C-alpha cells in the first residue's frame, strides 16, 4: 500500500513538471526586432506559415517561458516564448537583452480621436506607421520606456508601438449614465485555442497514467477534462476523483494561467470552481 502511494506521488510530481509555473508578479521579456526573419517555430515546433507570420511585423515583445529547451527532434534547442497568448519557439544561440518587469494587468482602450497618434513597427517610432482611428479598440499588451505595444481587438491584425496621449484614448468602461450592457462571447478562434490546451492536458494525463499502469500493473483511471458551453458560460469539467484532482492542483493552476493568456485583454472571468474551470463573460460596457 505504501509503495503504491509512493508511486502515485512520484507520478503526480512528474505531471506537475509537465507544465511551467509562471510568476504571478514578475516575468522576463525580450524585444525581438525583425521578428518575421527570425527563426520562430509554432507550438507544433514547425516553421510558421505565412498567416502565422503576420503578427510578427517589426519589433514584438515576447515573454520568456523556458530557455534552452530541447525540441522533439532531440537535437534542436530553442527558447519557449509567449506572444499574444500563444506559444512559440525561438531558435537562437544568443538572446537579446532580457527585460525583467512586473506583469501589469492587461486592459483594453478605445481611441477617442483620429490621426493624433500612430502605430509604428518599432518602439522608437521607425518603420511603417499606421494612424490610430477613432472608435478602434486595442489591447495594451506591454509597456517599455513610455512606449506601449497595442494590437487591435476586432481582428488582431493591426498592431504596433505607440505613445498615445491620454487625451487620445479611454478605457472601454464608461460611467453608468453612458453605458448599456452587452454580453461578449468567446469567439470560435478563442474556443479552439482553449480546446487545444485542454487536449494537450488530457494527452499528457493519458500518456503518464498509461505508463504508470504498465510499470506497476495498476489500473488507475485516467482523468480528463471535458468542456461544454452555454449561453452564460464556457465550462471545463475535470473527470476524476477528488483526491486526484487535489493532487493535480498545481498543474491545473498552470492550465488556468494558460487559458488566461489566451484571453488577454478580453472581458472574461476565469475561475476554478470545485472541479471546473469556468469562463464567464463580464458585462462589457458600450455607448448607447
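Of all the numbered requirements in (1) within 30 Å of residue 151 (Cα to Cα); (2) buried (at least 17 other Cβ atoms within 10 Å of the Cβ); (3) touching a residue at least 60 places away in the same chain (Cβ under 8 Å), residue 212 misses one, and that requirement is (1). Within region 148-177, the set of residues being modelled with pLDDT under 60 and touching a strand residue (DSSP E or B) at 6+ places or on another chain (Cβ under 6 Å) comprises 173, 174.
Here is a check on your reading of the model: is residue 40 in contact with a strand residue (DSSP E or B) (Cβ under 6 Å, 6 or more places away or on another chain), buried (at least 17 other Cβ atoms within 10 Å of the Cβ) and farther than 19 Å from residue 94 by Cα? It is false that residue 40 is in contact with a strand residue (DSSP E or B) (Cβ under 6 Å, 6 or more places away or on another chain), buried (at least 17 other Cβ atoms within 10 Å of the Cβ) and farther than 19 Å from residue 94 by Cα. Against the conditions (1) under 16 Å from the mean Cα position of the chain (by Cα); (2) over 25 Å from residue 169 (Cβ atoms), residue 83 satisfies every one except (2).
Can you spot a residue in region 181-188 that is within 26 Å of residue 111 (Cβ to Cβ), more than 21 Å from the chain's Cα centre (by Cα) and either modelled with pLDDT of 85 or more or surrounded by 12 or more Cβ atoms within 10 Å (Cβ to Cβ) (or both)? Checking region 181-188: at least one residue is within 26 Å of residue 111 (Cβ to Cβ), more than 21 Å from the chain's Cα centre (by Cα) and either modelled with pLDDT of 85 or more or surrounded by 12 or more Cβ atoms within 10 Å (Cβ to Cβ) (or both).
Scanning region 98-108 for residues that are at pLDDT 80 or above and either within 30 Å of residue 269 (Cβ to Cβ) or buried (at least 16 other Cβ atoms within 10 Å of the Cβ) (or both) turns up just one, 99. Yes or no: region 248-267 includes at least one residue that is without any contact (Cβ under 8 Å) to a residue 60 or more places away in the chain and more than 30 Å from residue 140 (Cβ to Cβ). Within region 248-267, one or more residues are without any contact (Cβ under 8 Å) to a residue 60 or more places away in the chain and more than 30 Å from residue 140 (Cβ to Cβ).
A single member of 80, 84, 140 is in the same structural domain as residue 33 (by TED's automatic domain parsing), in contact with a strand residue (DSSP E or B) (Cβ under 6 Å, 6 or more places away or on another chain), closer than 21 Å to residue 258 by Cα and surrounded by 15 or more Cβ atoms within 10 Å (Cβ to Cβ), and it is 80.
The values are calculated or read from the model by the stated rules, or taken from the named source; none is laboratory data. Nothing here was measured: the structure is a model prediction, and the numbers come from that model. Virtual Cβ from ideal backbone geometry, glycine too; neighbours counted across all protein chains shown.
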